[in-house]
Every structure is written in C-alpha cells, then in structure tokens.
Amino acid sequence: MLNRKVIIISAPSGAGKSTLVNLLVKEFKSLFFSVSVTTRKIRSGEKDGKDYHFISINEFKKLILEDKLVEWEEVYKGDFKGTLKSEIDSAISKKRNIIFDVDVKGGLSLKKYFGKSGLSIFINVSNTNILKKRLVNRGTESDNDINERLSKAKKEFSLKNKFDVIIENNDLSNALRNLKNTVQRFINN
C-alpha cells in the first residue's frame, strides 16, 4: 500500500508518548511527524500546526463529512482527535517515513489501515499511580479531567497486547533507548 515505513505510537494520557515521539523525531531525520487535528484547547507551550492542528468542533465535523480523516475519535467529551489524510499525503510526497502520536484507539485504527507497512508501539507504565503523578505535575487538567483520563487508561491498558511492541516508560532514558532501537530495526528491515 505504501512505500514508506509507518511508526504508530500510542499510550494512555500521561504515559510519556509525546515526549518520546518528540525526542525520536529529533534523532531520526527520516521521520515525518503527522500532526493530528483536535478540538481540545491549546495547552501552554503548544503550537498550532506543530503539536496539533487546533480547530472547532464544527470544523472537525466538516472534515468527517468530507472524508478527510483516516481515523478519528471523540477521545473525551467534546475532545475530538483525528489523523488527516493530507498529513499522510505530505509525508509520501516528501518520501519520508511517518510517525504518529495518537491515542490507543487511534493507534489500533492506524495499525489496521497501514497493515504490514506499520509498526504499532504501546508506551506502558507499571501502574496508574505513575500516570496520576505525571498528569498532576503537567498541571493542565482539572481533578475531574485527571480522574476521567485515569479511568480511560485502565481500559487502554487492556488493549496493549494488540500492539506489535510494548515499551515500558518508568524511566525516560531507558524507554527512549528501547524505542530508538526498535524503530531503527524496523526502518532498516
């Protein structure tokens, strides 16, 4: 289906997938980061078009109707996220491998879409206490939001064995080393 390699990285909120993806993109110049589209509010330090394409719910629904998304989901109430077909087309036109930073259901959808061209990686942590601590330290969600994310994380952990590779992120440097090795092997095959 595709002449490029696809790396799909998914995890529950707070597991560190975005941090790992950002570090990986700096390491591998051959990777094209597919910027997802979202309806959630922009967080401090994020940039529109770099971290996400931030749009309204009406704009998102229009993308659905116009069939411009490979996959999409209402991740949390009123928080839609999806993968634009135009991002994939852009990577293909630049002849680069694609890396995705997506939620767990989005990761499974992309795995199905790309088939053998894709490597799906689940970023895991040993328990939800680690997630809670990271979400609290991030300081971007209310207590209710954190509880909602932790509740969803329990369901997401039950799906981790549907991914090709599980990488533990209890220690960032170890997780990054394992992730780099895994991605390097996949790209070179």
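Inside segment 77-111, can you point out the residues that are under 15 Å from the mean Cα position of the chain (by Cα) and not in a helix (DSSP H, G or I)? Let's see the steps before the verdict.
From segment 77-111, those under 15 Å from the mean Cα position of the chain (by Cα) are 79-84, 87-88, 98-111; that's our starting set.
Once the filter is applied, which keeps residues that are under 15 Å from the mean Cα position of the chain (by Cα) and not in a helix (DSSP H, G or I), segment 77-111 yields D79, F80, K81, G82, T83, L84, I98, I99, F100, D101, V102, D103.
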Any chance N178 is part of a helix (DSSP H, G or I), more than 17 Å from the chain's Cα centre (by Cα), free of Cβ contacts under 8 Å to residues at least 60 places away in the same chain and within 23 Å of R4 (Cα to Cα): yes
Which pairs do you get when a residue that is of a type in the set (V, I, T), found in segment 81-98, comes within reach of a residue that is part of a helix (DSSP H, G or I), reach meaning Cβ atoms under 6 angstrom, with the pair 6+ apart or on two chains? I98/A91
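Return yes when E148 is surrounded by 14 or more Cβ atoms within 10 Å (Cβ to Cβ) and part of a loop (DSSP other than H, G, I, E, B) and no when it is not. Explain how you work it out, then say what you get.
On the way: surrounded by 14 or more Cβ atoms within 10 Å (Cβ to Cβ): yes; part of a loop (DSSP other than H, G, I, E, B): no.
In short, no.
Being in a helix (DSSP H, G or I) and aromatic (F, W, Y): is that true of F122 here?
On the way: in a helix (DSSP H, G or I): no; aromatic (F, W, Y): yes.
Considered against the rule, which asks whether it is in a helix (DSSP H, G or I) and aromatic (F, W, Y), F122 comes out as no.
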Qualifying positions in segment 73-110 - more than 20 Å from R40 (Cα to Cα), in contact with a helix residue (DSSP H, G or I) (Cβ under 8 Å, 6 or more places away or on another chain) and surrounded by 22 or more Cβ atoms within 10 Å (Cβ to Cβ): I98, I99
What do you reckon, is L63 part of a helix (DSSP H, G or I), more than 11 Å from the chain's Cα centre (by Cα) and free of Cβ contacts under 8 Å to residues at least 60 places away in the same chain? yes
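Right, K29: over 16 Å from E87 (Cβ atoms), of a type in the set (D, E, K, R) and either part of a helix (DSSP H, G or I) or under 15 Å from the mean Cα position of the chain (by Cα) (or both) or not?
Details: over 16 Å from E87 (Cβ atoms): yes; of a type in the set (D, E, K, R): yes; either part of a helix (DSSP H, G or I) or under 15 Å from the mean Cα position of the chain (by Cα) (or both): no.
No: the conditions fail for K29.
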Being crowded, with 17+ Cβ neighbours inside 10 Å and either out of contact with any Gly (no Cβ under 8 Å at 6 or more places or on another chain) or at negative phi (or both) narrows it down to one residue among L135, L159; which is it? L135
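A short reminder: the numbers here are calculations on the coordinates, not readings from a lab. Every value quoted in this text rests on a predicted model; they were computed, and no experiment measured them. Heads up, the Cβs are rebuilt from the backbone with ideal geometry, glycines too, and the neighbour counts pull from every protein chain shown.
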